[in-house]
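Enquirer: This is the structure I have questions about; it appears just below.
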Amino acid sequence: MNHWPNPFIEQRADPFILRHDGLYYFIASVPEYDRLEIRRAADIDGLRTAEPVVVWRKPDSGPMSQLIWAPELHCIDGTWVIYFAATHTHDLDTLGMFQHRMFGLTCDDADPLTGMWWEKGQVKTQFDTFALDATTFEHQGKQWYLWAQKAPDIAGNTNLYLAELENPWTIKGTPVMLSKPEFDWECRGFLVNEGPAVLVHNDKLFVSYSASATDENYCMGLLWIALDADPMLASNWHKSPQPVFTTSDENKQYGPGHNSFTQTPNGDDVLVYHARNYTEIEGDPLYDPNRHTRLKLIRWKENGMPDFGIPHADSL
């Protein structure tokens, strides 16, 4: 099926779909921000009705005890890994930001839904600051870690950083900053680059990301690099000066973003994202549960660049 119902899964923000060994796995933020749950199905459409399996619940106290955000599920050299962000408090720090850090869980069993998950603690970086939205990918024979973090000496909220991994929960070497909020569309409400996702097509590696506040200003930007270029050299990366996926008033789709990518069995690339279908949010948008998971096929232009189009209207 290439025309999926919209919404695809309701009240699941920050959606991530992994295709692995012919099966599809789904993980996302739940409205309660209190647990990690995985769904599995033989095809993408089956994820809609697949039974969620809770593989981890937050403890009552400690650094992983509050606001469990944006999990991703990966399989690295036979080890299952879940990255997520968490904090010890709902309180904001002196800069007015949440106090999240990034954490990792691993499972060495064949089945991540029934296997034992082990807490590996915080994934530490060059700064002890607000950090979230980690993803990982294999490229040029190395495993990479890509995430969003606040830099002490850069105005705004989060920038995007890349580093090699020593193991799934430990980065190696000095990270490089790939992008920071600089254009108007990245700085509406908040100065944000977050939610990176990796997509390879022909001779390029793309990194999509989300920008601005999580209301109708939320949108997607795009970075790219030649496959044979050194990803640790910031000057090798290109950045679109315009957003690539934005709110559609016509289709009543607001704040599309925090995406991931998957593929259909025949190799078509699929954009997995969340968006709301209204703008009248009471209170903090973070606590509005109606960021629904949505899917859309990606079209490729003749010049090798992705065309994400506009968010589809809700299905009747």
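The rows are residues; the columns are (1) charged (D, E, K, R); (2) crowded, with 20+ Cβ neighbours inside 10 Å; (3) over 20 Å from the mean Cα position of the chain (by Cα); (4) not in a loop (DSSP other than H, G, I, E, B).
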position	(1), (2), (3), (4)
Asp230	yes, no, yes, no
Leu271	no, yes, no, yes
Tyr278	no, no, yes, no
Gly283	no, no, yes, no
Asn290	no, no, no, no
Thr293	no, yes, no, yes
Lys296	yes, yes, no, yes
Ala313	no, no, yes, no
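Enquirer: Here are Gly257, Gly309, Gly221: which of them is in contact with an Asp or Glu (Cβ under 7 Å, 6 or more places away or on another chain), surrounded by 13 or more Cβ atoms within 10 Å (Cβ to Cβ) and closer than 28 Å to Trp69 by Cβ? Write out each step before concluding.
Expert: On the way: Gly257 fails: in contact with an Asp or Glu (Cβ under 7 Å, 6 or more places away or on another chain); Gly309 fails: in contact with an Asp or Glu (Cβ under 7 Å, 6 or more places away or on another chain).
When all the criteria are applied, what remains is Gly221.
Table: residues versus (1) open to solvent by 20 Å² or more (accessible area, probe 1.4 Å); (2) modelled with pLDDT under 95; (3) assigned to a strand (DSSP E or B); (4) touching a Ser or Thr at 6+ places or on another chain (Cβ under 6 Å).
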position: Glu166; (1), (2), (3), (4): yes, no, yes, no
position: Ile171; (1), (2), (3), (4): yes, no, yes, no
position: Thr174; (1), (2), (3), (4): yes, no, yes, no
position: Glu182; (1), (2), (3), (4): yes, no, no, no
position: Arg188; (1), (2), (3), (4): yes, no, no, yes
position: Glu194; (1), (2), (3), (4): yes, no, yes, yes
position: Leu199; (1), (2), (3), (4): no, no, yes, no
position: Leu205; (1), (2), (3), (4): no, no, yes, no
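Enquirer: Could you tell me which residue of the range 150-169 is nearest to Ser212 (Cα to Cα), considering only residues that are more than 19 Å from the chain's Cα centre (by Cα) and not aliphatic (A, V, I, L, M)? Working first, answer last.
Expert: So the first thing to find is which residues in the range 150-169 are more than 19 Å from the chain's Cα centre (by Cα), and the list is 151-156, 166-167.
Narrowing the set further to residues that are not aliphatic (A, V, I, L, M) leaves 152-153, 156, 166-167.
Working: Pro152: 19, Asp153: 19, Gly156: 10, Glu166: 32, Asn167: 32 Å.
Per the criteria, the residue is Gly156.
Enquirer: Scanning the range 260-269 for residues that are in contact (Cβ under 8 Å) with a residue 12 or more places away in the chain and out of contact with any Gly (no Cβ under 9 Å at 6 or more places or on another chain), which turns out surrounded by the fewest Cβ atoms within 10 Å (Cβ to Cβ)?
Expert: Among those residues, the one meeting the criterion is Asp268.
The values are calculated or read from the model by the stated rules, or taken from the named source; none is laboratory data. Please read these numbers as outputs of a predicted model, since none were measured by experiment. Don't worry about glycine lacking a Cβ; one is built from the backbone with ideal geometry, like all the others, and counts go over all protein chains shown. Note: accessible area is taken over every heavy atom of the protein model, side chains too, but ligands, DNA and RNA are not part of it. Shrake-Rupley method; radii C 1.70, N 1.55, O 1.52, S 1.80 Å.
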